[in-house]
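One structure is given below, encoded as structure tokens.
Every read-out reported here was derived from the displayed coordinates using simple, explicitly stated rules and does not represent laboratory data. Quantities reported herein were computed from a predicted structural model and do not represent experimental measurements. Note that each Cβ is placed from the backbone with ideal geometry, even for glycine, and that neighbours are counted across all protein chains shown.
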Amino acid sequence: MPHPRQIAFVIDLNKCIGCQACTVACKRLWTSENGQELMYWCNVETAPGDGYPRNWAERGGGYRDGRLAKGRAPAAADYGVPFRFDYEARLFEGRRQRVRPTPAGSWSANWDEDQGRGDYPNAYFFYLPRLCNHCSRPACAEACPKDAIVKRPEDGLVVVNPDRCSGDGACLAACPYGKVFLDPLTRIAGKCMGCFPRLEQGQAPACVASCTGRAMHVAMLDDKAASVHRLVFEWRVALPLRPDFGTVPNVFYIPPFLGPLEETADGGEGAVPKIPESHLVEIFGPAVRPALATLRAEMATRQQGRPSDLMDLLIAHRAVDLLGRMV
Amino acid sequence: MVAAAGGLSLRALAATHAPAPNGYRGWRQMLRDRTGFDRRTRGAHLVNCTGACPHFVYVKDGVVVRSEQSADLPSFAGLPDSNPRGCAKGICGVDYLYGAERLKYPLVRVGERGEGRWRRASWDEALRLIAEKIVTAAVRHGPDTISVFCPGPAVAPVAFAAGHRFAHLVGAHAHTFFDWYGDHPPGQTQTLGVQCDTAETADWYNARLLIFWGSNPVETRIPDAHYMVEAALNGTRLVTISPDYNDTATKSHRWLHPKPGTDLALALGMAEVIVREGLYDPAVVAEQTDMPLLVRSDTRRFLREADMVDGGAAERFFAWDRGGQGPVAMKGSWADAAPPAEGSPFLGRDTRGFPDGTLALGALDPALEGRFHVTLRDGRTVEVRPVFDLYKAELLESYSPDKAGPLCGVSPAEIVRLARDYAAARPAMIVSGAGINHWYHGDILLRVLHFLAAITGNVGVPGGGVNHYTGQWKSVLLPGLTALAFPTGTARQRFCQTTIWTQVHSEAPSPPESAAALRHSLETGQMPLYPKGGRAPRVFIAYRGNFLNQAKGQGHVLRTLWPKFDLIVDINIRMDTTALYSDVVLPAAHWYEKTDLNMTEEHGFLVTTEPAIAPLWEAKNEWEIFRLLSAKVAEVATARGVPRLVDDEFAWERDLSSLEERYTDGGRLVSGEDAAQFLLDHYDPAPGEPPVRLAGVRADRPRRLLSAFTSPARHDAPYVPFQYFAGLKKPWPTLTGRQQFYLDHPAFLRAGLELPVYRAPLDADPYPLRFNTPHGRLSVHSTWRNNPQMLRLGRGGPVAVVSPAEAKRRGLADDDWAEIRNDHGRIVCRIKVRPGEPAGRVTMTHAPELYMDLIEGGAQGVCPIRINPTQLVGDYGHLVFRPNYYGPSGNQRDVRVEMRRYTGPIPI
């Protein structure tokens, strides 16, 4: 059953430039303590790619046939060990050796940046920012034996009550998106809580407030005037990531429709986009096909000099247009 | 039970309001507390970045806890908002306050340079040590053996002015940087007679076709990139031209990928199509360019008045009037107005005082094509042809798409299509970047891009033009900056040209044609060199710039130039490579601990930073440091009995004993705040605009500064350059008074480059891979390169990016160690395999610190200094040396290297 109110996000993957401002703004505010280095409540990864935690989409979790599906919590190697650097020794104490990341790397948030797939000149990639989906059916909450994760009725945000958390990690196994983290020092789960303390003060969540690509929209999902509602329900161009996981996410994505067409052998312009539609269907489901068609048609409309409400919504002429009536 | 449950819940509710005995007020409150702060101040990041992004800095319990974009930039009607402006790096700005590389105290080297062994010194001791060496150098070797390097005045004009004011009063030579860094567009100066000028990036939205040519704003102009995507959503067609499938290409409608360094052929092919198919605007060509000017077939030089008339001007030029059937002098050339004595620092000559409409042709109908004959002063008759006629013949002969295509690897059909699209779209904008400018022949390509814009009427119009966003050069508060940094005038300041300075003093090898041209240029005074007369520099003071880390020819700089210095001083917030290899290091106040201003060519609003906290440890702001150094030099000079120094070059008796009084202008410029207000006092507000007060700038949202470099300034729309000339029809600041594509200087004629024609990239290094060093997403040059958070969003250290094919050919896999080398140097680095990277190239984001995770070398070690002779010209109308206006660029992309598996030991 939908909750009375639900905060939702729309992230335009065409406007996302992979700059990591959201990643860092979130991290600085919420997960900058010792032990929290591997926690990225918000991260931006290159898609297609292994992502963060590594291969997050292949660990199970979520729902199958209406029931919680078995999942596996990410292993330590899926995060990598956050590098440390001994600058003091090299710069101030005469140690001759260069400053090496310790331990030497194996994986990190953004390890496979810009690698993508395909063969030159038809290589392809795009950026995929990921935060908690604040799902309408949060598997993390349902899996928690202590009822430490609650979905707030007033805004649908899914938050961890650290006072109740016993650190058994059931939520990490249950979340198919890898978006719940366990603090290795405190053994308490942590995750995006929608920046509710900022919302209470009339500020946008840190990720949205720092998004210099102006790619992130936030609003109550039922706010019919807000861009979120209009993109999700009126234009039907904003889609949840991996809807097949069954958790009914409340973060929606405008799929990448900008970008070159595949190149032909003689260097000419082919007929299909470099990003294979099959990949977008895999991650956004079949609804991505009509969404892409709508987006392309509306862009063509603007190219012909005619107005397009959809393109204006995505342009978001004023920063406040991205924020519904949240702030 | 129900009542009991209700009671429990009430008690639980109460507990969230009253602290528990241990002070715990619940987890929700703990989270809320993290967003709290005691104080919010304005902050900016005074690094060599073009962002100028306004931030708020939050302080809690005396600790800077974070910074966020202030998101309060005013917007233009009809254009998307530019808020929030900033990036991940700015949000990490606080790290350099408290990070491990922070400099806390004055340090004096006790080990070898670069070893990292220091002893802590008092400020008094450190300043005395520096002052002693300065006085010794000045008295024994001459003040011009003292060298002060500090780039990027626009981003920190107070700090910039501090060291330059000191240099000016002592007699030290100052450095150029825009050219040395390869960012100055010499081709734009050659063509337009300007240092550089660009539109505010908001103007991208006005283009109908937007070509990103060697420019990757999604990665390197992060706060501006949204305008590009928003333009696409608004119906603009986007084309990216880059050898690799880069981040900007992923957002574009079309991606063309010429072979590295061959973009010139693509541009010439486009020019050929537009000219051959008649897609240009002949009226604009006749009025705005040198295309109608007549060139003598016998000498390949312009027909000049002095050729035909006794006592005629050498700098007056002619077109063939189709009406009157004869040569007619064209208005606005160099002969029509003598350059002002002081000169404009950013224009070949200041033509802004000419009447509007000077270039208007009226009834004149100049021929663009044909061969004509004129009679010279001595009675001889010679053939003359308009520049357009010459260039059209050249284009049609050599650069048809069928000929240009194979040169650059772009299919002829695509060249035709891009040319037609470009000519048809009005307006069409080319955004050019370091990817094409950092080449030895990058200037020729810029000339052709300007040709494309000029002949299609895309100059001076919103959404048009060629915008070269590379380097941070535009100091909107230029009058104040000049007065503050060079108090007795720039004519009495020694400026060296840093590419030449580094080449000569590091005794780096030079291609023979460069060496001969350099000798000639220096002997004839076209380009400067300090110290003069073959002497070596003795004292080097670097601040706000990582000279050593970024130096081309780095091996020679370290081996040969560095030992020439009796003293190297670095003033810095952090231990960068140059600081590490210095003798004395002075701790500077962090950006959040001092007052300064911050400006950019990318938007026209004044950004500021102010002390959020007092400087930590013993750090001081640069204005104070150079004031204290001035006082110490005065003290030492007086004590040594050398209070005065006669400086012959300027016939200037320098009174060292009163250095501090002159530095502070008799006590008027004691603090950084005084200096900032001085800069603002020299701003000339538009009629009705209030003067700018520092306090107001801090309290209010960023204020728009009107600047009229090459266009009248306006509040209500983005600045678009060159409207004085293209719109108001005042002469261009060039020799001919027009956009000048024909350069008949002997150096250009000798090189066959009087017109912009194809030159292949240099293949002087006999190795298979081009070495490409672009800017990076998570760094600004070397700044943030060593930041742990940025490194955790990558692989923990520098990587060399190669295509799967090149890796496989060498038996290398992703994350392997590889050796990259050529005859200039060697790098041992991990590799990253990326399918979007073309074969034949290796890419390494510049410029990791020399102490970072490379087993050996640095990115600049394999890059030599290669001076292009045409950039040594300093005696041709608008082509003269002025600091950062014209001089040889520190190009570095023609470099070739080999890469192979590294088999040596890997340190743990």
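Which value, in debye to the nearest 20, describes the size of the charge dipole of the protein assembly as shown about its Cα centre when Lys and Arg Cβ atoms bear +1, Asp and Glu Cβ atoms bear -1, and nothing else is charged? Don't skip to the end; give the middle numbers.
Numbers: 140 positive and 136 negative charges, 546 e Å.
So the magnitude is around 2620 debye.
Hey, quick one: spin label on A:Lys146, modelled 7 Å out along Cα-Cβ, who in the stretch A:170-187 has an amide N within reach, i.e. under 11 Å?
Those under the cut-off are A:170, A:187.
Please arrange B:Asp853, B:Asp421 by counting, for each residue, the other beta carbons lying within 10 Å of its beta carbon, fewest first.
Numbers: B:Asp853 24, B:Asp421 17.
So the residues, fewest neighbours to most, are B:Asp421, B:Asp853.
Run the numbers for B:Ile908 and B:Arg693: contour at 0.36 nm per residue of separation, minus the present Cα-Cα distance, in nm. Walk me through the numbers on the way to the answer.
Numbers: separation 215, 0.36 × 215 = 77.40 nm, distance 5.49 nm.
This chain segment gains 71.9 nm when fully extended.
How much FRET efficiency would the formula 1/(1 + (r/R0)^6) give for A:Glu88 and B:Arg300, where r is the Cβ-Cβ distance and R0 is 51 Å, rounded to 0.05? Please report the intermediate quantities before stating the final value.
Details: r = 63 Å, r/R0 = 1.24.
Computed FRET efficiency for A:Glu88 and B:Arg300: 0.20.
If you line up the Cα atoms of the protein assembly as shown on their principal axes, what length do they span on each, largest first, in Å?
Result, largest extent first: 119, 77, 68 Å.
For peptide B:854-861, what's the mean number of Cβ atoms from other chains within 10 Å of each residue's Cβ?
Values: counts 2, 3, 1, 0, 0, 0, 0, 0.
That works out to 1 on average.
Rounded to the nearest 10 degrees, what's the angle between the helix B:512-523 long axis and the longest principal axis of chain B, both from Cα atoms, 0 to 90?
On a 0 to 90 degree scale, this one is about 90.
Would you mind checking A:Lys15/A:Lys274; B:Lys60/B:Lys620; B:Lys60/B:Lys89 for any pair whose Cα atoms are more than 27 angstrom apart? Let's see the in-between values first.
Working: A:Lys15/A:Lys274 17 Å; B:Lys60/B:Lys620 22 Å; B:Lys60/B:Lys89 21 Å.
Cα-Cα > 27 Å for no pair; all within.
Give the long-range amide H neighbours of B:Asn467: residues separated by 5 or more places, or on another chain, with amide H under 5 Å away, using H modelled in the peptide plane at 1.01 Å from N.
The list, which skips near neighbours in sequence, is B:Ile430, B:Val431, B:Ser432.
Angle, helix B:2-17 long axis vs. longest principal axis of chain B, Cα atoms, 0 to 90°, nearest 10?
The angle comes out near 70 degrees.
Show me the helices of chain A, taken as full DSSP H stretches, that run 15 Å or more along their long axis by Cα and average -1.0 or above in Kyte-Doolittle hydropathy. Working shown, then result.
Details: long enough: A:288-303 (22 Å, -0.16).
Taking the DSSP H segments of chain A (at least 15 Å long, mean hydropathy at least -1.0), we get A:288-303.
Each label point is 7 Å from the Cα along the Cα-to-Cβ direction; what then is the distance between the points at B:Ala686 and B:Asp356, in nm?
Between B:Ala686 and B:Asp356, the label points sit 1.5 nm apart.
For the stretch B:64-157, which trypsin sites (Lys or Arg not before Pro) are both in a DSSP coil and crowded by at most 16 other Cβ atoms within 10 Å? Let's see the in-between values first.
Details: sites: B:Arg66, B:Arg85, B:Lys89, B:Arg102, B:Lys104, B:Arg109, B:Arg113, B:Arg117, B:Arg119, B:Arg120, B:Arg128, B:Lys133, B:Arg140; in loops: B:Arg85, B:Lys104, B:Arg113.
Sparse-neighbourhood loop trypsin sites (Lys or Arg not before Pro): B:Lys104, B:Arg113.
Relative contact order (percent) for the stretch B:768-847, with alpha-carbon contacts under 8 angstrom and 6 or more residues of separation?
Working: 128 pairs, mean separation 36.6, N = 80.
About 46 percent, as a whole number.
Count the net charge of all other residues whose Cβ sits under 14 Å from the Cβ of B:Asp716, scoring Lys and Arg as +1 and Asp and Glu as -1. Display every interim value, and only then the final one.
On the way: positive: B:Arg704, B:Arg714; negative: B:Glu200, B:Asp203, B:Glu689.
The answer is -1.
Per 0.36 nm of contour for each residue apart, how much would the distance between B:Lys60 and B:Asp763 grow if the chain were fully extended, relative to their Cα-Cα spacing? Show your work: numbers first, answer last.
On the way: separation 703, 0.36 × 703 = 253.08 nm, distance 5.69 nm.
Here the answer is 247.4 nm.
Please give the residues of the stretch B:734-757, grouped as numeric ranges, whose backbone N is less than 13 Å from a label point set 7 Å along the Cα-to-Cβ vector of B:Val309.
none
Using Cα pairs closer than 8 Å and at least 6 residues apart in sequence, work out the relative contact order for chain B, in percent. Intermediate results must be reported in sequence, preceding the final value.
On the way: 2068 pairs, mean separation 183.5, N = 908.
After rounding, I find 20 percent.
Report, for the protein assembly as shown, the % of DSSP beta bridges that are antiparallel, rounded to 5.
Details: 83 of 130 bridges.
Around 65 percent antiparallel, to the nearest 5.
Given B:Ala306, B:Pro80, B:Leu364, which one lies farthest toward the positive end of the charge dipole of chain B, if we put +1 on the Cβ of every Lys and Arg and -1 on the Cβ of every Asp and Glu?
Checking the options against the dipole of chain B, the answer is B:Pro80.
Using the Cα centre as the reference, give the magnitude of the dipole from point charges on the C-beta atoms of the stretch A:80-163 (Lys, Arg: +1; Asp, Glu: -1; all else neutral), rounded to the nearest 20 debye. It would help to have the intermediate numbers written out before the result.
Values: 12 positive and 12 negative charges, 71 e Å.
For the stretch A:80-163, the charge dipole is close to 340 debye.
Which of B:Leu629, B:Leu103 comes first, and how do the rest follow, when ranked by fewest Cβ neighbours within 10 Å?
Final ranking by Cβ density, sparse to dense: B:Leu103, B:Leu629.
Taking the Cα centre of the protein assembly as shown as the origin and placing charges on Cβ (Lys, Arg +1; Asp, Glu -1), which of B:Val158, B:Leu812, A:Phe9 is farthest toward the positive end of the dipole?
Selected residue: A:Phe9.
Tell me, B:Met30, A:Met326 in order of fewest to most beta-carbon neighbours within 10 Å? If you can, show how the numbers build up before the last one.
Values: B:Met30 12, A:Met326 22.
Neighbour counts put them in this order, fewest first: B:Met30, A:Met326.
Just the number, please: percent antiparallel of the DSSP beta bridges in chain B, rounded to the nearest 5.
The antiparallel fraction comes to roughly 55 percent.
Taking a threshold of 29 Å on the Cα-Cα distance, which of the pairs B:Lys259/B:Lys552; B:Lys133/B:Lys532; B:Lys259/B:Lys729; B:Lys259/B:Lys474 fall above it? Walk me through the numbers before you get to the answer.
Numbers: B:Lys259/B:Lys552 24 Å; B:Lys133/B:Lys532 20 Å; B:Lys259/B:Lys729 39 Å; B:Lys259/B:Lys474 32 Å.
From the list (B:Lys259/B:Lys552; B:Lys133/B:Lys532; B:Lys259/B:Lys729; B:Lys259/B:Lys474), the Cα-Cα distance tops 29 Å for B:Lys259/B:Lys729; B:Lys259/B:Lys474.
How high is the relative contact order of the stretch B:519-602, in percent, with contacts defined as C-alpha pairs under 8 Å that are six or more residues apart? Each step should come with its number before you reach the end.
Values: 82 pairs, mean separation 20.1, N = 84.
Worked out over the stretch B:519-602, it gives 24 percent.
Looking at B:Leu233, B:Ser711, B:Pro685, which one has the Cα that reaches farthest to the positive end of the dipole of the protein assembly as shown (charges on Cβ: Lys, Arg +1; Asp, Glu -1)?
B:Leu233
Which length gain, in nm to one decimal place, applies between B:Phe650 and B:Asp816 when the Cα-Cα distance is subtracted from 0.36 nm times their residue separation? Write out the running numbers ahead of the final one.
On the way: separation 166, 0.36 × 166 = 59.76 nm, distance 5.76 nm.
That pair, B:Phe650 and B:Asp816, stretches by 54.0 nm at full extension.
Mind checking the dipole of the stretch B:375-475: about its Cα centre, +1 per Lys or Arg Cβ, -1 per Asp or Glu Cβ, Debye to the nearest 20? Walk me through the numbers on the way to the answer.
On the way: 10 positive and 9 negative charges, 55 e Å.
For this selection, approximately 260 debye.
Taking every residue in A:151-163, how many Cβ atoms of other protein chains lie within 10 Å of its Cβ, on average? Please report the intermediate quantities before stating the final value.
Details: counts 0, 0, 0, 0, 0, 0, 0, 0, 3, 1, 3, 4, 3.
That average works out to 1.
Could you tell me what percent of the DSSP beta bridges with both partners in chain A are antiparallel, to the nearest 5?
Details: 24 of 28 bridges.
Around 85 percent antiparallel, to the nearest 5.
At 7 Å along the Cα-to-beta-carbon direction for both A:Asn55 and B:Arg322, put a label point, then send me their distance in nm to one decimal.
It works out to 7.2 nm between the two label points.
Treat the stretch B:137-230 as a sphere of radius equal to its Kirkwood radius over Cα pairs and apply Stokes-Einstein at 4 °C in a medium of 1.567 mPa s; give the translational diffusion coefficient in µm²/s, rounded to a whole number.
Details: Rh = 16.6 Å.
It diffuses with D of about 78 µm²/s by this estimate.
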